[in-house]
Amino acid sequence: DVSIGGFDTDGTVLAEDFVELEFTFLGGTTSLSFLSGTEISDVSGSAIEVARESGEISGDSPTLSFADCSVQPGDTASVSVQASEIQELGSASVDVTFNGAALEFVGSESAIEGFNLSASNPETGLVRIGGFSTSGVDPADNGDRLVDLRFAVADGFSPGSTTSLGFDTGESELSNPSGTAYNASFEEGTVTSIDRLVSLGTQALDLTADD
């Protein structure tokens, strides 16, 4: 709740913009309404009949996501944890889930600078990402990504097979520099195995009649 109070013994005229309130937007949708005890009075203290109209604030939620990607059996693939609609990221605690029979986590790279980020593999099929910044960081300064995760692709992940890279939303949270959690969204991506491409170079042959 926000409480607004004030008085003028000589009376004053309330303009269209009575007062401006500033909020830190955390994502999602919220309504703005007046409580039943709201009252405006004249200089004699008598209540003035006024209409109270509610409003709504909405916008895109801060989002972490994986883009769909293609890999080849036996290769090592780098996959970006993409971040959007986040200008001031103060901390992150994110659990990434994957199929341990298809992928093996081997490390991370290109982490956002100044975020003290770490990525660990506490158990098969799970990568735990953590990081913080007391002043906040903007993923846009890192190509709209939090970090790149590197996975070894199993030889048995045959072409045509698919698996997902997702998030454990119950264990994942993004916060602003003051520690307030964003109403964040988490979107999984699909990893598809494709055939290994083989290219044949051309070579000119000089053949004679007796060859």
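The values are calculated or read from the model by the stated rules, or taken from the named source; none is laboratory data. Since the model is a prediction, treat every value here as computed from it, not as a measurement. So basically every Cβ, Gly included, is an ideal-geometry build from the backbone, and we count neighbours across all protein chains shown. All accessible areas refer to the heavy atoms of the entire protein, side chains included, with ligands and DNA or RNA removed. Shrake-Rupley method; radii C 1.70, N 1.55, O 1.52, S 1.80 Å.
Apolar share of the accessible surface for region 73-114: 36 percent from carbon plus sulfur atoms, 1.4 Å probe. Summing charges over neighbours of Ser80, with a neighbour being any other residue whose Cβ is under 14 Å away from its Cβ, gives -4 when K and R count +1 and D and E count -1. Label sites at Arg196 and Ser3, each approximated as a point 7 angstrom past Cα along Cα to Cβ, lie 7.2 nm apart. With a cut-off of 13 Å between beta carbons, the residues surrounding Ala111 carry a summed charge of -2, where Lys and Arg count +1 and Asp and Glu -1. Segment Glu49..Ser158, full-extension length gain: 32.0 nm, with 0.36 nm per residue of separation and the alpha-carbon distance subtracted.
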